[in-house]
Amino acid sequence: MNEIVEEIQKKLPDGLIFSVNKPYRWTSSDVVRKVRSVLRYRYNLRKIKVGHAGTLDPLATGVLVICVGRATKQAEEIQAGEKEYIADIRFGATTPCFDLEKPVNEYFEYEHITCENLETAIKKFIGTIEQIPPLFSAKMINGTRAYEFARKGEDVEIKSAKINIRQIEILKFDLPDVVLKIVCNKGTYIRSIARDLGLEMQSGAHLINLCRTRSGNFSLDNSLDINDLEKFLENFETK
């Protein structure tokens with residue numbers, strides 16, 4: 001056994017926290033499994049705990065905070081941190097899940113939307129508001145994930161939840177698409193913001209791209225590419 005492996009085996013169980021740029025189409029659990037696999041089979045850490053601090057949808061990319069060893073106890077505290085997203089929203093059409101996971105189910109007029117009236121509408125979303133999560137989500141309903149009901153075609157009621165949105169800024173306005181920067185707290189569904197903006201603008205809308213650029217103190221610029229995971233762990237003994 002080489003010295004690097006020995007060093008990792010000694011230090012990692014004490015805890016490690018880092019962020020990964022989650023790849024497109026990967027689930028958050030896929031990333032956790034990848035990290036756990038490297039630790040188990042390359043470094044012989046069979047029983048080490050690995051978790052994430054805040055789920056990202058499969059079609060989203062960006063900052064996913066990973067906690068290893070005793071640091072998994074900090075996951076809930078980290079998850080409570082403020083989040084920042086860059087969201088691409090398309091007006092004029094809706095999907096059942098409010099993003100591209102399902103095909104468009106209805107079309108709407110959108111030519112009446114202007115940058116000015118969108119700016120006005122956005123102001124209604126700033127602060128503490130009530131938001132209804134998507135049915136296609138991991139929200140728990142009587143002990144079952146909401147998406148389980150959705151996949152079966154069952155119609156269930158999802159209760160609204162209070163969220164806080166600190167900032168929404170229009171970065172690009174090119175109808176039918178707009179790009180927004182959204183700064184919000186834990187529990188905010190950006191797909192629901194897309195849906196609600198569509199309704200507010202007397203149209204329809206859905207999310208076509210989403211990147212989480214910050215989660216608490218972890219930023220996209222400092223996040224690890226999944227392909228660099230092994231190299232990162234090998235350098236851990238110098239930290």
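The values are calculated or read from the model by the stated rules, or taken from the named source; none is laboratory data. Worth saying up front: this structure is predicted, and the values here are computed from it rather than measured. FYI the Cβ positions are ideal-geometry reconstructions off the backbone, even for glycines, and counts take in every protein chain you see.
Points worth noting:
- Odd one out for Asp30 among (1) within 14 Å of the chain's Cα centre (by Cα); (2) crowded, with 19+ Cβ neighbours inside 10 Å; (3) assigned by TED's automatic domain parsing to the domain that holds Asn222; (4) of a type outside the set (Ser, Thr, Tyr): (2)
- Filter pass, Val35 being in a helix (DSSP H, G or I), out of contact with any Cys (no Cβ under 6 Å at 6 or more places or on another chain) and surrounded by 21 or more Cβ atoms within 10 Å (Cβ to Cβ): yes
- Qualifying residue in the stretch 100-110 (condition: touching a residue at least 40 places away in the same chain (Cβ under 8 Å), in a helix (DSSP H, G or I) and of a type outside the set (Lys, Arg)): no
- Taking the criterion of being part of a loop (DSSP other than H, G, I, E, B), aliphatic (A, V, I, L, M) and under 14 Å from Arg214 (Cβ atoms), the residues of the stretch 53-79 that qualify are Ala53, Leu56.
- When residues of the stretch 55-86 are limited to those that are among the basic types (Lys, Arg) and over 12 Å from Phe218 (Cβ atoms), the one modelled with the highest pLDDT: Lys73
- Hits in the stretch 38-52 (condition: assigned to a helix (DSSP H, G or I) and exposed (fewer than 13 other Cβ atoms within 10 Å of the Cβ)): Tyr41
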